[in-house]
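The values are calculated or read from the model by the stated rules, or taken from the named source; none is laboratory data. Since this is a predicted model, take the numbers as computed values, not measurements. A quick note on method: Cβ atoms are made from the backbone with ideal geometry, for glycine too, and the neighbour counts reach across all protein chains shown.
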Amino acid sequence: MPIVKTEISTMTQTHLSELVLANHILVNEGVLDGFGHVSVRDPHDPHLFHIARSMAPALVTLEDLVVCNLEGEVVSPAGGRTYVERFIHSEIYKSRPDVHSVVHSHSPAVIPFGVTGARLRPICHMSGFLGAQVPVYEIRDAIGETSDLLIRNQMLGQSLAQSLGQSMVVLMRGHGSVVVGSSIKQSVFRAIYTENNARLQMQAAPLGEINFLTDAEAQATSEMNDLHLDRPWEMWHKRVLKAG
Ligand code: MN
């Protein structure tokens, strides 16, 4: 049954407002630009998620959000459309019940780690969620060398979800990354600090061998940061308001 606007619960309404704000924060913090997208799983029906129609994230409003099912079809509004790469979201929600928000971006500092042997690893306590090291998705393994690198269908979405495995971040060779979280605030936090970590790692590399966080340190710092997701969110929110 199509969702009627007046029937949307308060809980869903909060998620949708956060989703709009997440679009603006991620642009403001240099993760999204004219491209990329963020979504949230529906709080009442795990087989649905919310995402903007195909448009620049900076311009997204509540009216631009659509509801998608896990086959990647827009179910509301009728005839609505969304991003070509919606299958990134649908297939990850299908394979990871713990994930409630997904960010796909082309954030620039991450790209070098997808195209070289250098692996993205947690360099400081803000990015413990990266785990031991971040997997890299190679689309050629799924469909050979002639693709446009976009996740255009369910098969490619599945193969990307497989590369992600149980990680919180997967890099996409020559394209970007996907970051997941159990909430919008967590996926936004992780997307911003994934970009930060990549920048710091590139700055540290020429100075000498990097002393990365151990697995145990990565886990402990990540658990600590999860207790304080509201603090940076409020600041990023303020910056959005200031930017106008
Ligand atoms: Mn993309």
Note to self: With the requirement that a residue be in a strand (DSSP E or B) and either of a type in the set (A, V, I, L, M) or surrounded by fewer than 21 Cβ atoms within 10 Å (Cβ to Cβ) (or both), what does the stretch 40-80 give you?
What the structure shows: 40, 48, 51, 52, 65, 66, 67, 69, 74, 75, 76
Margin query: Restricting to the stretch 143-177, and then to whatever is farther than 25 Å from residue 108 by Cβ and among the polar types (S, T, N, Q), can you tell me which residue is farthest from the ligand (Cβ to nearest atom)?
Written below: 166
Notebook entry, point to check: Which residues, counting only those in the stretch 22-39, are surrounded by fewer than 23 Cβ atoms within 10 Å (Cβ to Cβ) and not in a loop (DSSP other than H, G, I, E, B)?
Noted result: 24, 27, 28
Checklist line | Residue pairs meeting the criteria (Cβ under 7 Å; at least 6 apart or on separate chains; first of a type in the set (Phe, Trp, Tyr), in the stretch 28-53; second modelled with pLDDT of 95 or more and more than 12 Å from the ligand (Cβ to nearest atom)) | finding: 49/39; 49/40; 49/41; 49/42; 49/68; 49/93
Next item on the list: Quick one: residue 14 ticks every box in (1) surrounded by fewer than 17 Cβ atoms within 10 Å (Cβ to Cβ); (2) touching a Ser or Thr at 6+ places or on another chain (Cβ under 8 Å) except a single one, so which number is it?
Entry: (2)
Note to self: Tally up the residues in the stretch 174-188 that are surrounded by 24 or more Cβ atoms within 10 Å (Cβ to Cβ) and in a helix (DSSP H, G or I), please.
What the structure shows: 3
Next item on the list: Would you mind finding the one in 132, 191, 142, 161 that is more than 26 Å from residue 20 (Cα to Cα), among the hydrophobic types (A, V, I, L, M, F, W, C) and not in a loop (DSSP other than H, G, I, E, B)?
Entry: 142
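Looking at 230, 215 in this structure, which one is under 19 Å from residue 23 (Cβ atoms) and surrounded by fewer than 16 Cβ atoms within 10 Å (Cβ to Cβ)? If you could, list the steps in order and put the result at the bottom.
Numbers: 215 fails: under 19 Å from residue 23 (Cβ atoms).
Of the residues listed, the single one that is under 19 Å from residue 23 (Cβ atoms) and surrounded by fewer than 16 Cβ atoms within 10 Å (Cβ to Cβ) is 230.
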Checklist line | Selected residue (only one of 99, 179 is in contact (Cβ under 8 Å) with a residue 40 or more places away in the chain and either among the aromatic types (Phe, Trp, Tyr) or closer than 17 Å to residue 225 by Cβ (or both)) | finding: 179
Next item on the list: Give the stretch 99-126 a look and list any residue that's in a helix (DSSP H, G or I), buried (at least 22 other Cβ atoms within 10 Å of the Cβ) and more than 13 Å from the ligand (Cβ to nearest atom), or say none.
Entry: 113
